[in-house]
Amino acid sequence: MDLNYSPEETAFRDEVRAWIGANLAADVRDKVLNYRELSKDDLLGWHKKLATKGWVAPGWPKEWGGTDWTVVQRYIFEEECGAAGCPPIVPFGVRMCAPVLLRFGTDAQKQRFLPRMYNGEDFWVQGYSEPGAGSDLASLKTRAVRDGDHYVVTGQKIWTTLGHYGDWIFCLVRTDPKTEKRQDGISFLLIDMTTPGITVRPIVLLDQSREVNEVFFDEVRVPAENLVHEENKGWTVAKFLLGYERMGTGNIAVSKRELARVKELAARAGLLDDPRFADRLTRVEVELMALEITNLRFLDQLRGGRPPGAEVSLLKIKGTEIQQALTELMLQTAGPLAQAFRPLEARAGFDAFTASLMPRYCNVRKATIYAGSNEIQRNIIAKATLGL
Amino acid sequence: MNFEYSDEQRLLSETLRKFLNTGYGFDARAKITATPAGFSEDVWAALAEMGILGVPFDEKFGGFGGTTVDMMVVMEALGEALVVEPYLATVGLGGRFVARGGAAPQQARILPALIAGKTKMAFAQTEPEARYDLARVATRATPSGDGWVLEGDKRAVLHGGCADLLVVSARTAGGDGDARGISLFLVERGAAGLAIDDARTLDNLRVADVRLSGVRVGRDALLGAEGGGLPLIEEVVDYATALVCAEAVGAIKYAHDATLDYLKTRRQFGVPIGSFQALQHRMVDVLIAYEQARSIATLACVKVDTADAAERRRVVSAAKVKIADAARHVSQEAVQLHGGMGMTEELKISHTFRRLTTIAQAFGDADHHLARFAAARASA
């Protein structure tokens, strides 16, 4: 056992750090560090830079553009991106839809979608949840009826993150409403969002941001060639995707950056000398130190290439709890100034960062709800790991 | 960077576990703790025979030259089986003092005998008013002839009753609480003026009150530099703290496994109680606490070997905060989820509860280490 980087690993870290330093635009970095909204161009711009460098999809097979990095290299890459304030790689394409295509897609589907996905030519989003199907995803009702060479899709998706940026959406739809088991009769469809009949409506969240949407489908005609895996076998695909969806939701590298920030702010506010604050901060820091090692231990176990199992649920639970705790501590560092929420364009000299802490705290409440609520994650661990 | 256990570590773990599984079951342990000494010389001899007593010591003394991660493997196994023999006191404290601070003749005299199972050791440090403050040493060592005379009171000396050789902290200069002026002395059992009052603890280990009344020691009893003992004490106590964290991981693992098993077998309302979501989620939180405890203990064991003093302090305190929290959380949940059975003497779970309760406060409780961690942060 050795927690130090080898000379090769150190050299790799330096290479990544230097590349990010030379390629991350200052204004984008500034938005990330100050919790400001990233535009579609900000997100895809960074994606394209990474694609050009060959680093946008480290986990893909080599022949499709994967990096063949070791587990430690992947960890180093995440660390450096997190520390530097890089925008996130939007996961719906490269991290979620791509593994599905690689596992279940036809050659034609792979050829058609993977290179564009890699190069950031399409913005992908996820169409899973529905008003009546949240944690109980298998109760979804959006219908897809076969009509010649097409499926005709009618229904509604909800909580579609960045749906307003979406060019393509992968959806779970019901192709057979009469099956005995609800899990049967579901299919996995890829849908071009410019197709007539699709309406995207924003849902304003408690921080007053626009991030998630409702997506309505009104007799949307989708070519049958966009079906992934067999008709009515979509649940198999969905289950396969679950582990990938939760991968990276631990957000450890970003939490390390936020922790450093909390300390900086707390020091400025004189709170590090307050034992009540210091103790709360320490417990979060210690939990994060442990989670970093837990993450590395799990990554180490994944080296054989087996898909992530229930252990990533643990990372999701702890990682999101830590994220929330950090936003709470950060909000506290602002003291009475934390209530100074005003529109960001308000006026010159206005402390936009302090004003962002309350909405940020509000916004991150989502972390324990999305990608399978933490209670659902506990159900998964209870069943899959503990055998209860 | 890698997280693999080496072949040696795996072999060590397997050998020890095989021995404990066959020879140190719960019933065997109960017989051992019921004896007047409260531990088994046969088990001790077997640990020596297997080389377990020599794991961290240099090969030239007959040891294995192992790292603290090697020791983690041992401590976890001992923790899972709730081993009561004086391993931590002898190897983790006494032996560590000699290995890190002893002069060559002291090492040559003591370590081979320790590794062979012939010398047991203990560390007499804690005093009635000191709580966890390692600088609070009021015991005095006054120069006399060619040595010193020791005078003072030590409390809760882990396995002090069976120790052949005590490491005693005493003041050669300064006042109670001063960082400088603390020295360490080797005191043999049977020294005139040494009174040892041995007692059983609720977790079936042994602690002793040690009274030193005019105990004479020679020059060769001084361990390390005169007056400069505190850094060595801190280093060794940090080492032992990392080890007790690893022991806790083993005990937590047992509590987890036994509780999970109970949830699957205990039936109420016609179904296993593990089918109830209220209990499932609590069990998952126990699992998470176990994984997090294992991670932080691993980090502490690695850093004890590789970090500078400031980083070592920071990481060991971080580990002890997490371990103390996890020990309390998991032990309490284990008893609660076992229901009335968890309260009984006859189940190992209640003994695990007691051991974890003690460990939570050993070498500083969570509050102590929260403060120490914050101090390390302030000076970073």
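For the residues A:26, A:18, A:11, A:84, the requirement of being surrounded by fewer than 20 Cβ atoms within 10 Å (Cβ to Cβ), more than 22 Å from the chain's Cα centre (by Cα) and closer than 30 Å to residue A:358 by Cβ singles out A:26.
For segment A:299-327, filtered to residues that are modelled with pLDDT under 90 and facing chain B (nearest Cβ under 9 Å), the residue that is farthest from residue A:263 (Cα to Cα) is A:301. Of the residues contained in segment B:242-250, none is found to be at pLDDT 95 or above, within 14 Å of chain A (Cβ to nearest Cβ), closer than 30 Å to residue A:291 by Cα and touching a strand residue (DSSP E or B) at 6+ places or on another chain (Cβ under 9 Å). The set of residues in segment B:192-248 that are among the hydroxyl-bearing types (Ser, Thr, Tyr) and surrounded by fewer than 16 Cβ atoms within 10 Å (Cβ to Cβ) comprises B:201, B:213. Residues in segment A:195-212 that are within 27 Å of residue A:146 (Cβ to Cβ) and in contact with a Lys or Arg (Cβ under 7 Å, 6 or more places away or on another chain): A:195 only.
Quick one: in segment A:37-68, which of the residues that are loosely packed, with under 14 Cβ neighbours inside 10 Å and within 20 Å of the chain's Cα centre (by Cα) is farthest from residue A:101 (Cα to Cα)? Checked segment A:37-68; the qualifying residue farthest from residue A:101 (Cα to Cα) is A:37.
Any idea which of (1) at pLDDT 95 or above; (2) not assigned by TED's automatic domain parsing to the domain that holds residue B:156; (3) not hydroxyl-bearing (Ser, Thr, Tyr) is the one residue B:135 doesn't satisfy? Going through the list (1) at pLDDT 95 or above; (2) not assigned by TED's automatic domain parsing to the domain that holds residue B:156; (3) not hydroxyl-bearing (Ser, Thr, Tyr), residue B:135 breaks only (2). Among the residues of segment B:88-137, just one is farther than 21 Å from residue B:231 by Cβ, in contact with a helix residue (DSSP H, G or I) (Cβ under 6 Å, 6 or more places away or on another chain) and hydroxyl-bearing (Ser, Thr, Tyr), namely B:119.
Looking across segment B:251-272, the residues that are without any contact (Cβ under 8 Å) to a residue 60 or more places away in the chain, more than 8 Å from chain A (Cβ to nearest Cβ) and part of a helix (DSSP H, G or I) come down to B:257, B:261, B:265. Among the candidates B:376, B:324, the residue that is crowded, with 18+ Cβ neighbours inside 10 Å, modelled with pLDDT under 95 and within 14 Å of chain A (Cβ to nearest Cβ) is uniquely B:376. Could you tell me whether residue B:233 is over 28 Å from the mean Cα position of the chain (by Cα) and either within 11 Å of another protein chain (Cβ to nearest Cβ) or not basic (Lys, Arg) (or both)? Taking the combined requirement at face value, the residue does not satisfy it.
Which members of segment A:214-242 meet the condition of being touching an Asp or Glu at 6+ places or on another chain (Cβ under 7 Å) and part of a strand (DSSP E or B)? Answer for segment A:214-242, where residues must be touching an Asp or Glu at 6+ places or on another chain (Cβ under 7 Å) and part of a strand (DSSP E or B): just A:223.
Applying the criterion of being assigned to a helix (DSSP H, G or I) and among the acidic types (Asp, Glu) to the residues of segment B:280-321, the residue that is nearest to the other protein chains (Cβ to nearest Cβ) is B:291. Listed by first and then second residue, the pairs linking a residue in segment A:1-17 that is within 11 Å of chain B (Cβ to nearest Cβ) to a residue that is surrounded by fewer than 13 Cβ atoms within 10 Å (Cβ to Cβ), with Cβ atoms under 8 Å apart and 6 or more places separating them unless they lie on different chains, are A:1/B:4.
Screening the candidates A:292, A:258, A:230, A:285 for the property of being farther than 17 Å from residue A:312 by Cβ and within 10 Å of another protein chain (Cβ to nearest Cβ) yields one hit, A:285.
The values are calculated or read from the model by the stated rules, or taken from the named source; none is laboratory data. Remember, it's a predicted structure, so these values are computed and weren't measured experimentally. Quick reminder, even Gly has a Cβ in these numbers, built from the backbone with ideal geometry, and neighbours come from all protein chains shown.
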